[in-house]
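Following: one structure in structure tokens, then a few remarks.
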Amino acid sequence: MNADLTELCRRLLHRVQSDTTDQSDAPYIEPSLSFTDTERHQAEKELFFANTPQVVGFAGEVSQPNSYKAVTVLDRPLLICRNADGELRAFINACRHRGAQVADGNGCAKSLSCPFHGWTYDLDGKLKGRRRDAAFSTANPEQEDTSLTPLPVSDRGGLLTVGLTPAMSQHTVNDFLGDIEAALENFDFASMNSIDTRRFEVNANWKIIVGLSNEGYHFENLHRDSLAPIMSSHGVVDCYGQHTRWAFSLKTILDLAHTPETDWPSEFPGAINHTVFPGTVIVAVPGAAQMIRAEPGPVAGASTVYYSGVFTGSDDPASNQQLCKAATESFDFGERIFVDEDLHAAEQCQRGIAAGGLPDGVVSGRNEPLITYWYRLWNDKLAQGTVGVAD
Ligand code: FES
Ligand SMILES: [Fe+2]
């Protein structure tokens, strides 16, 4: 472990030994309307998602020249590629003929062929060919723009950050993770291999879903038979402007109390949830990472959630296969807990709030400091009407 992770481990060990957790100064109450109000929901969609860079994947998912990954954000089809020279590119995933998606999922290919009429593009977004080309000839062929529409994209911190509109500057996207970049660089997200991405439609406000990955208070109840036997609920938190980090440990961290620091393991003995604005969670665990991205659905009480995973592979094919198998098993285990326990609870919370059961609002205790931090941050950003870094 490097100095930052060793210090984090030291702080966490202290929390577990003393049966305490990092805390905020006071309990906090968020008005119930935050989760049900249509006007607020639309404002969040516009300000926090459409007009803010979005972290949508791990750089390792497009690490090779001529690799690509298709993603959907707010129903917008996007395509992230590495071109033949290994340069990162992003486009609106819409064919310049009539708009069909030129790629789906992820993979490697020298060219992408639109499934509708077969227009073919290279991974720089340039049209390479189309059947019956003469049928499209015009008087001013030089004015015809047939390349996929580019978007700003960055892979800083080992994460894929993209702007949803061509009007967003590259500078805004490059600088978006600046405050938390050093913490992200504790992990080599840029060389991890993709496992899978799963999508869920959830009947809960997106902020409730972000909250699921930002407190350990629920471990011993909701996850008493799944996660709690192995993970401790004590946590340490760090805030980096509009991003945060929450670390919690395996129960075996207590063994380190009797181990000289020079003999501590090379990997952090637990999980670190990095939450980047507006609420994408990157969970780093030894040898693997997951991303949970919740985006607002058509109404305040609905969200679309993407759960994706990557793992650290090996150059040796046999050990890579083994690593992949083990990582896929823990990815599936994590998904089951997340879907059956966390998302199920989130939908119950939404129903309770929408039914008017919390007239005073939704409470977070001192022991849930990041819940309070994020509610305050979202409210401040909405009040200011701006997010992100200035150009
Ligand atoms: S829409 Fe892509 S080739 Fe027609
Ligand atoms: Fe949970």
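Please treat every number below as a calculation from the coordinates, not as lab data. Quantities reported herein were computed from a predicted structural model and do not represent experimental measurements. For neighbour counting, all protein chains shown are included, and Cβ atoms are generated from backbone atoms with ideal geometry for every residue, glycine included.
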Max mean-square fluctuation residue, GNM over the chain, Cα-Cα springs under 10 Å, options Leu88, Leu33, Leu159: Leu33
Positive-pole candidate from Asn174, Ser113, Ala84, dipole of the range 54-174, charges at beta carbon: Ser113
Simple Cβ-charge dipole of the range 1-102, Lys/Arg +1 and Asp/Glu -1, about Cα centre, in debye nearest 20: 600 debye
More than 11 Å apart - percent of Cα-Cα pairs taken over the range 308-354: 70 percent
Residue-by-residue Karplus 3J(HN,Hα) for the range 250-259, coefficients 6.51, -1.76, 1.60, Hz, glycine and proline x: 5, 5, 5, 4, 4, 4, 6, 4, 10, 10
Phi-based couplings in Hz for the range 214-224 (Karplus 6.51, -1.76, 1.60; Gly and Pro marked x): 10, 8, x, 4, 8, 3, 6, 9, 4, 10, 4
Mean Kyte hydropathy of -1.0 or more with a Cα span along the axis of at least 20 Å, helices from DSSP in the chain: 3-17, 317-337, 369-384
Cα extents of the chain along the three principal axes, largest first (Å): 77, 55, 38
Among Ala327, Ala50, Ala139, residue whose mean-square fluctuation peaks in a GNM of the chain (springs only between Cα atoms under 10 Å): Ala139
Length added when fully stretched, Thr259-Asp225, from 0.36 nm per residue minus Cα-Cα: 9.3 nm
Hull volume in cubic angstrom per residue (convex hull over the Cα atoms of the range 54-174): 108 Å³
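Taking the Cα centre of the chain as the origin, how large is its charge dipole in debye, to the nearest 20, when only Lys and Arg (+1) and Asp and Glu (-1) carry charge on their Cβ atoms?
For the chain, the charge dipole is close to 1140 debye.
Quick check: residue separation of Ala109 and Asp145 times 0.36 nm, minus the Cα distance between them. What number comes out in nm?
Working: separation 36, 0.36 × 36 = 12.96 nm, distance 2.28 nm.
Difference between extended and current length: 10.7 nm.
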Between the range 6-79 and the range 256-270, the alpha-carbon center distance in angstrom: 29 Å
Options Thr165, Gly60, Val102, ranked by Cα towards positive dipole end of the range 54-174, top entry (Cβ charges): Val102
Dimensions in Å of the range 173-240 - Rg and Dmax from alpha carbons: 15.7, 42
Inter-label distance for Ala135 and Asp340, nm, one decimal - labels placed 7 Å from Cα along Cα-to-Cβ: 5.3 nm
The chain: calculated mean residue ellipticity at 222 nm from DSSP helix runs of at least 4, using -39500 (n - 2.57): -7000 deg cm²/dmol
Positive minus negative residues near Ile180 (Lys, Arg vs Asp, Glu; Cβ under 13 Å): -4
Kirkwood Rh, angstrom, the range 270-391 [1 / mean 1/r, Cα pairs]: 17.2 Å
Check: the range 54-174 dipole with +1 on Lys, Arg Cβ and -1 on Asp, Glu Cβ, in debye: 260 debye
Segment Ala182-Asn203, extension gain: residue separation times 0.36 nm, minus the distance between their alpha carbons: 4.1 nm
Ala3/Thr38 FRET efficiency (R0 41 Å; Cβ-Cβ; nearest 0.05): 0.30
